[in-house]
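Notes follow the structure.
The values are calculated or read from the model by the stated rules, or taken from the named source; none is laboratory data. These figures come from a predicted structure and were not determined experimentally. A quick note on method: Cβ atoms are made from the backbone with ideal geometry, for glycine too, and the neighbour counts reach across all protein chains shown. Side chains are part of the model used for accessible areas, which takes the heavy atoms of the whole protein and leaves out ligands, DNA and RNA. Shrake-Rupley method; radii C 1.70, N 1.55, O 1.52, S 1.80 Å.
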Amino acid sequence: MTTLLKANNISKTYGLDEPPVLDNISLYLESNTITCLLGASGCGKTTLLNILSGIDTEYQGEIESIIERPGPDVGYMTQGNELLPWRDVSSNVAIGLEFHKTTQPIIDQRVEDYLSLVHLSSYAQHYPKALSGGMRQRVALARTLVMEPKLLLLDEPLGSLDIVGRRRLGTALKNYVRKYDCSALVVTHSVEEAVYLGDRVNILSPRPAKIVDDIEIAACGEKAYTTVLSALLKATPEGQNAA
């Protein structure tokens, strides 16, 4: 496996009079691997994704990456689906490809493939207002994957889906990572989702956030769920709400 990104001692404070959000966070993201990030609401998970994506450049510490950040090899899916209401589903998914001046035949094929992946082929000509929240989230995931990035940063990508949809899209995401030998960092509040999706699970403390545990799922065997849950509860009492 190749290390695509390594973060060393990342800290973040929004102002001189503000308490720190992140405190000396170090992690690495390897190819062919999904890392899940668990922690209490408001602990700084989204802030960390903003830094890793290259959007936020005001931080302390160092990031080593073999891919350009931000750039087409980084796929960042935020919590808000941010679909353009005047574009139908197909053209929303195609935005990134259009921006990078991809030829139309490739755009058409890619959009078709990734709408099929998220089970929305029959909604290609629908507009966002006609979709449920979960469907809009699936469109946003297709829009992220259609660029076929090497590094995926996904902020609660399955949060609005029912349990069947979560498992189906989770399987699709795992297959994508294996097929393209990429790396994914997935923020979630679900222990079950983290154990199902993740090869590794990083546990964050409350603010200022630190990584207090790095759990290899395969090494836990049948005790993976209880191991992750126990680590989360130990990190913060609020972790009980994520079980």
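So if R0 is 25 Å, what FRET efficiency would Ser121 and Lys174 give, r being the distance between their Cβ atoms, rounded to the nearest 0.05? In this case the efficiency is close to 0.75.
At most 12 other Cβ atoms within 10 Å and a DSSP loop assignment: could you name the chymotrypsin sites (Phe, Trp or Tyr not before Pro) in region 60-115 that fit?
On the way: sites: Tyr76, Trp86, Phe99, Tyr114; in loops: Trp86.
Those that pass, being in a loop and sparsely packed, are Trp86.
Computed packing ranks the peptides 38-47, 21-30, 215-224, 150-159 as 150-159, 38-47, 21-30, 215-224, most packed first, by mean other Cβ atoms within 10 Å. Calculated FRET efficiency, Trp86 and Ile163, Cβ-Cβ r, R0 35 Å, to nearest 0.05? Approximately 0.60, to the nearest 0.05. Using heavy atoms of the protein chains and a probe of 1.4 Å, the accessible area assigned to Met147 is about 50 Å².
Placing +1 on each Lys and Arg Cβ and -1 on each Asp and Glu Cβ, with no other charges, gives the chain a dipole about its Cα centre of roughly 520 debye.
Using a 1.4 Å probe and counting only protein heavy atoms, arrange Thr3, Thr226 so the residue with the most accessible area comes first.
Numbers: Thr3 60, Thr226 90 Å².
Ranked from most to least accessible, the order is Thr226, Thr3.
Starting from the Kirkwood Rh over alpha-carbon pairs, what translational D in µm² s⁻¹ does region 81-154 have by Stokes-Einstein at 20 °C and 1.002 mPa s? Numbers along the way, then the final one.
Details: Rh = 12.1 Å.
Value of D from the Cα-based Kirkwood radius: 177 µm²/s.
If Val164, Val139 are ordered by their accessible area, calculated over protein heavy atoms with a 1.4 Å probe, which sequence runs from highest to lowest?
Details: Val164 90, Val139 0 Å².
Ranked list, largest accessible area first: Val164, Val139.
Taking the C-alpha atoms only, the angle from helix 163-180 to the longest principal axis of the chain is near 90 degrees.
Among DSSP beta bridges lying fully in region 1-156, give the percent that are antiparallel, nearest 5. If I count the DSSP bridges inside region 1-156, around 75 percent turn out antiparallel. Normalise the Debye intensity by I(0) for the chain, one equal point scatterer per Cα, no solvent, then take log10 at q = 0.16 Å⁻¹ and round to two decimals. Debye curve over Cα of the chain, log10 I(q)/I(0) at q = 0.16 Å⁻¹: -1.18. Given Lys101/Lys174; Lys45/Lys150; Lys12/Lys150; Lys12/Lys179; Lys6/Lys179; Lys174/Lys210, which pairs have Cα atoms separated by over 31 Å? Distance filter (> 31 Å) returns Lys12/Lys179. The three principal axes of the C-alpha atoms in region 105-243 carry coordinate ranges of 50, 32, 30 Å, sorted with the longest axis first.
So, taking all protein chains as they sit and a 1.4 Å probe, how much accessible area belongs to Ser230, in Å² rounded to tens? Accessible area, nearest 10 Å²: 70 Å².
Using the Cβ-Cβ distance between Asn24 and Glu192 with R0 set to 30 Å, the FRET efficiency from 1/(1 + (r/R0)^6) comes to roughly 0.55.
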